[in-house]
Amino acid sequence: MAVNIEDLKQNRKVLGQLDYKITPINKGYADKVLYVNVGTKEIKTKDVPAEMKEKFIGGKGYGLKLLWDAVNPNTKWNDPENEIIISGGPICGVTQYSGSGKSLVVSLSPQTDIPVDSNVGGFFGPFLKLAGYDAIEIQGKADKDVVIYLDAITGHVEIFEDPGFEGDSHMMAEELTDLFANEDKEKKNIGIVSAGDAADHSLIGMLNFTFYDNKRKKIRLKQAGRGGIGTVLRDKKIKAIVAKVAGVTGNMNNVVDLEIIMERGRKFNKEMRELDDSQCEMRKKGTAHLTNIMNDYDLLPVMNFKFGMHDDAGKIHGDVWQSYFTQGVPDGCWIGCNMSCAKGVDDFELKTGPYKGQKVIVDGPEYETTSSLGSIMAIFDPEWTIEANFYCDTYGICTISWGTIMGFIMECYDAGILNKDRTGGLDLSFGSKDDAMELLHQVARGEGFGLIAGLGVRKMKGIFAEKGWGDAQFLQDIGMENKGLEYSQYISKESLAQQGGYAMTNKGPQHDEAWLIFMDMVNNQIPTFEKKAEALYYFPMFRTWFGLQGLCKLPWNDVEPADNHLQDEPAKVPEHVDNYVAIYKAVTGKDFSKEEMIIQSERVYQFQRIFNIRMGKGLRAHDAQPYRAAGPVTREEYESRMERYDKQLKEILGLDPENMTIEEKMAKTREYREGQYEKLLDAVYERRGWTPGGVPKLERIKSLGMDLPEVLEVITPLQ
């Protein structure tokens with residue numbers, strides 16, 4: 001039904017509300033949490049305890065702490081007690097240094113049944129701070145669709161009944177902006193969080209966070225993609241969360257020393273201007289510049305991670321994506337970000353689906369999407385990928401999970417595990433563009449095989465094996481998931497460290513904890529187990545810090561100082577690390593160092609591991625990886641890289657491959673690679689201060705000051 005915006009401005013059906021005094025931000029913090037229960041309609045302001053601020057910092061840390069306190073070991077993702085927490089961290093909202101507009105979303109995941117965190121851009125996180133809150137904590141389940149509205153101008157929060165807003169994110173964003181922006185110039189002051197129709201019918205629903213593109217005069221979307229948090233939002237019957245502010249000032253965080261932040265920002269902006277074109281071309285291509293690089297290094301996922309390169313990869317080269325992206329536009333998803341990586345395809349005419357014939361702006365695609373909605377399905381058609389990218393976004397589907405799901409489905413189809421009878425008439429073999437797009441639309445409509453696909457790889461493995469369609473071990477080997485979360489888009493077969501960087505992650509295999517492929521595979525900088533373990537300690541801890549502060553990681557290492565290669569540890573980009581140390585001190589006024597940065601992060605990292613254990617996971621068995629992540633599952637895979645694998649058998653194991661069958665060579669390769677991964681687990685667990693079973697040791701937790709009674713209750717019996 002059409003929503004009458006003018007009538008709604010005067011006559012919203014308000015179900016619960018709170019008028020409050022806005023707390024000014026001081027040194028990056030308001031020290032307040034907004035609690036909203038959409039079931040009971042309770043809305044209240046909570047103080048942040050001093051211990052929570054000291055030990056959990058903000059962002060992901062606040063989300064994990066609030067979620068821990070809200071749930072118990074038996075809580076399921078779709079219980080009313082489960083929460084969605086959005087928090088920005090003390091640096092979130094800074095406009096003088098690039099990448100400082102991020103917020104973190106935390107919830108129990110429908111895919112993994114453990115906490116998931118997702119880092120996202122857009123305006124809502126910074127606007128939440130302007131409203132006087134470090135976090136919003138949403139609990140309960142409404143009995144009908146609702147919208148949460150936060151007015152940071154007057155200090156007013158309300159829950160109102162959805163009058164029939166459009167289900168998909170790009171349409172809903174337009175309607176909600178029209179509702180709350182009294183004139184066009186106010187559109188930039190609206191931040192919206194929503195999911196789309198597919199989140200109603202799948203476990204892989206994601207959240208869209210809007211930002212207003214002042215150059216284009218359009219509302220655009222950034223995604224909190226991983227783990228199905230959009231599904232949680234829709235299960236709670238929340239249609240959207242809206243924040244409105246009066247405007248953004250140059251010092252919204254009320255920092256201690258703005259000049260230091262400005263000086264570091266000017267220096268970084270100079271690096272972007274002078275070095276980006278020769279390093280990463282982020283301002284021209286965004287992360288899509290990686291597509292051809294990954295193909296060149298045999299790292300681009302092709303046909304469900306079977307292969308790392310393809311003859312048709314030139315069709316999705318970074319230069320091709322650049323030809324689609326509008327150039328010369330300040331594509332930042334937060335004010336003041338000069339990374340300008342949120343590329344856009346303007347006036348793209350859709351060829352399928354409910355919006356066929358309409359011209360839309362499509363955000364990205366990012367590198368992950370060029371592979372997840374392309375090469376992993378053996379589809380090398382940029383316009384197909386752009387269209388699928390648009391529909392995944394507006395439907396509320398994580399593109400990474402969807403691509404890995406489709407790679408699995410297509411391999412099952414080609415292996416005879418699936419056929420047209422089992423897919424409802426769809427040809428889902430590799431490269432089948434039309435039916436792959438139709439399956440995406442089915443997920444949004446809640447129809448047909450789309451209902452199965454939307455469950456994710458882990459649940460499909462169980463269904464296909466239970467029905468007798470395929471061998472359970474083969475399905476396990478090719479199903480690229482760990483802990484229930486689908487792998488992101490890099491081939492890890494030749495990088496043992498990256499195998500750990502995926503399968504040892506707290507939330508599941510996302511590359512945001514540790515991307516070590518080049519250090520390990522290409523540059524051979526970490527050849528020993530000890531060095532790999534050190535990398536798998538430092539980088540997950542360092543990258544966790546971005547999620548505590550409200551920062552994007554791209555400005556850290558996607559453009560590096562010209563002399564970075566001369567530093568003792570260039571992979572850490574020490575000059576940029578020093579920038580972050582200086583900025584944290586300038587925001588908060590606290591004494592700080594790069595060593596304290598790691599301690600801050602490890603407190604939260606270890607807490608998340610213990611949270612997983614509390615929820616029934618988080619042990620060594622849960623860090624197991626599918627064999628496809630480590631080596632060749634099929635004869636076809638082995639033969640495609642026979643020279644490589646035979647050489648390894650000969651040089652590493654002392655075997656003579658000429659006197660072995662392919663099956664014998666595959667078995668020995670598997671035995672060796674699986675053994676290497678177990679040795680890596682031992683080394684990393686020791687470095688992280690864990691038992692051989694993967695449980696954080698009491699002495700390590702005590703040394704970090706995280707020996708909270710509730711934490712000790714979980715780990716003490718397991719020592």
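The values are calculated or read from the model by the stated rules, or taken from the named source; none is laboratory data. All of these numbers come straight from a predicted model, not from anything done at the bench. For neighbour counting, all protein chains shown are included, and Cβ atoms are generated from backbone atoms with ideal geometry for every residue, glycine included.
Determine if the range 553-572 includes at least one residue that is touching a Phe, Trp or Tyr at 6+ places or on another chain (Cβ under 8 Å), surrounded by fewer than 24 Cβ atoms within 10 Å (Cβ to Cβ), assigned to a loop (DSSP other than H, G, I, E, B) and modelled with pLDDT under 95.
Yes; the residues of the range 553-572 include at least one that is touching a Phe, Trp or Tyr at 6+ places or on another chain (Cβ under 8 Å), surrounded by fewer than 24 Cβ atoms within 10 Å (Cβ to Cβ), assigned to a loop (DSSP other than H, G, I, E, B) and modelled with pLDDT under 95.
Name every residue in the range 205-242 that is at pLDDT 95 or above and touching a Pro at 6+ places or on another chain (Cβ under 9 Å), in order of residue number.
Hits for the range 205-242 are Gly205, Gly227, Gly228, Ile229, Thr231, Val232, Asp235, Lys236.
Taking the range 593-623 on its own, how many of its residues are closer than 24 Å to Leu680 by Cβ and either in contact with a Lys or Arg (Cβ under 7 Å, 6 or more places away or on another chain) or part of a helix (DSSP H, G or I) (or both)?
The total comes to 19.
Is one or more of the residues making up the range 294-311 under 21 Å from Tyr212 (Cα atoms) and not acidic (Asp, Glu)?
no
Determine if the range 508-515 includes at least one residue that is touching a strand residue (DSSP E or B) at 6+ places or on another chain (Cβ under 9 Å), buried (at least 23 other Cβ atoms within 10 Å of the Cβ), under 30 Å from Trp402 (Cβ atoms) and modelled with pLDDT of 95 or more. I'd like the intermediate steps shown before the answer.
Here is the first cut: in the range 508-515, the ones touching a strand residue (DSSP E or B) at 6+ places or on another chain (Cβ under 9 Å) are 508-510, 512.
Right, trim to buried (at least 23 other Cβ atoms within 10 Å of the Cβ) and you get 508-510.
Next, from what is left, pick out any that are under 30 Å from Trp402 (Cβ atoms): 508-510.
Imposing the further condition that a residue be modelled with pLDDT of 95 or more reduces the set to 508-509.
So far as the range 508-515 goes, yes, one or more of its residues are touching a strand residue (DSSP E or B) at 6+ places or on another chain (Cβ under 9 Å), buried (at least 23 other Cβ atoms within 10 Å of the Cβ), under 30 Å from Trp402 (Cβ atoms) and modelled with pLDDT of 95 or more.
Can you find even one residue in the range 260-283 that is under 20 Å from Asn119 (Cβ atoms), in the same structural domain as Asp113 (by TED's automatic domain parsing), in contact with a Pro (Cβ under 8 Å, 6 or more places away or on another chain) and of a type outside the set (Ser, Thr, Tyr)?
Step one: list which residues in the range 260-283 are under 20 Å from Asn119 (Cβ atoms), which gives 268, 280, 282.
With in the same structural domain as Asp113 (by TED's automatic domain parsing) added as a condition, the list becomes none.
No, there is no match, as no residue in the range 260-283 is under 20 Å from Asn119 (Cβ atoms), in the same structural domain as Asp113 (by TED's automatic domain parsing), in contact with a Pro (Cβ under 8 Å, 6 or more places away or on another chain) and of a type outside the set (Ser, Thr, Tyr).
One line per residue, one yes/no per condition, for (1) touching a Lys or Arg at 6+ places or on another chain (Cβ under 7 Å); (2) assigned to a helix (DSSP H, G or I); (3) within 20 Å of Leu496 (Cα to Cα):
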{"site": "Glu664", "(1), (2), (3)": "no, yes, no"}
{"site": "Glu671", "(1), (2), (3)": "no, yes, yes"}
{"site": "Tyr677", "(1), (2), (3)": "no, yes, yes"}
{"site": "Glu699", "(1), (2), (3)": "no, yes, no"}
{"site": "Lys702", "(1), (2), (3)": "no, yes, no"}
{"site": "Met706", "(1), (2), (3)": "yes, no, no"}
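Could you list, in sequence order, the residues of the range 171-227 that are of a type outside the set (Phe, Trp, Tyr), under 17 Å from Tyr149 (Cβ atoms) and in a helix (DSSP H, G or I)?
Met172, Ala173, Glu174, Glu175, Leu176, Thr177, Asp178, Leu179, Glu186, Lys187, Asn189, listed by residue number.
Take the residues in the range 127-160 that are small (Gly, Ala, Ser) and part of a loop (DSSP other than H, G, I, E, B), then tell me which one is surrounded by the fewest Cβ atoms within 10 Å (Cβ to Cβ).
So in the range 127-160, the residues small (Gly, Ala, Ser) come out as 131-132, 135, 140, 142, 152, 155.
Now narrow it down to the ones that are part of a loop (DSSP other than H, G, I, E, B): 131-132, 140, 142, 152, 155.
On the way: Ala131: 25, Gly132: 20, Gly140: 19, Ala142: 21, Ala152: 21, Gly155: 15.
Among those residues, the one meeting the criterion is Gly155.
Does Glu534 satisfy the criteria of being at pLDDT 95 or above, surrounded by fewer than 22 Cβ atoms within 10 Å (Cβ to Cβ) and of a type outside the set (A, V, I, L, M, F, W, C)? Full working, then the answer.
Details: at pLDDT 95 or above: yes; surrounded by fewer than 22 Cβ atoms within 10 Å (Cβ to Cβ): yes; of a type outside the set (A, V, I, L, M, F, W, C): yes.
The answer is yes for Glu534.
Need at least 2 residues that are within 22 Å of Gln223 (Cβ to Cβ) per element, so show me which strands (runs of 3 or more DSSP E) inside the range 26-126 make the cut, counting only ones lying wholly within it. Even if it seems obvious, please write down each step before you answer.
On the way: elements: 32-37, 43-47, 84-87, 103-108, 115-120.
Of the strands (runs of 3 or more DSSP E) lying wholly inside the range 26-126, those with at least 2 residues that are within 22 Å of Gln223 (Cβ to Cβ) span 84-87, 103-108, 115-120.
What's the number of the only condition in (1) aliphatic (A, V, I, L, M); (2) over 19 Å from the mean Cα position of the chain (by Cα); (3) at pLDDT below 95 that Ala342 fails to meet?
The number of the failed condition is (2).
State which residue pairs qualify: first residue touching a residue at least 60 places away in the same chain (Cβ under 8 Å) and assigned to a helix (DSSP H, G or I) and inside the range 472-500, second residue buried (at least 24 other Cβ atoms within 10 Å of the Cβ) and of a type in the set (Lys, Arg) in any location, beta carbons under 8 Å apart, and separation of 6 or more residues or different chains.
Every condition considered, the pairs that remain are Asp477/Arg628; Ile478/Arg628; Leu496/Lys532; Ala497/Lys532; Gly500/Lys532.
For every residue, the table says whether it meets (1) touching a strand residue (DSSP E or B) at 6+ places or on another chain (Cβ under 8 Å); (2) more than 21 Å from Met282 (Cβ to Cβ).
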site: Gly550; (1), (2): yes, no
site: Pro555; (1), (2): no, no
site: Glu560; (1), (2): no, no
site: Asp563; (1), (2): no, no
site: Asp568; (1), (2): no, yes
site: Val573; (1), (2): no, no
site: Tyr580; (1), (2): no, no
site: Val587; (1), (2): no, yes
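Name every residue in the range 42-77 that is under 24 Å from the mean Cα position of the chain (by Cα) and of a type in the set (S, T, N, Q), in order of residue number.
Thr75, the sole residue that qualifies.
Going through the range 6-25 one residue at a time, which ones are surrounded by 14 or more Cβ atoms within 10 Å (Cβ to Cβ) and either in a helix (DSSP H, G or I) or of a type in the set (Gly, Ala, Ser) (or both)?
Across the range 6-25, the qualifying residues are Leu8, Gly16.
Of the residues Pro80, Pro90, which is under 26 Å from the mean Cα position of the chain (by Cα) and over 17 Å from Ser103 (Cα atoms)?
Values: Pro90 fails: over 17 Å from Ser103 (Cα atoms).
Selected residue: Pro80, the only one of Pro80, Pro90 that is under 26 Å from the mean Cα position of the chain (by Cα) and over 17 Å from Ser103 (Cα atoms).
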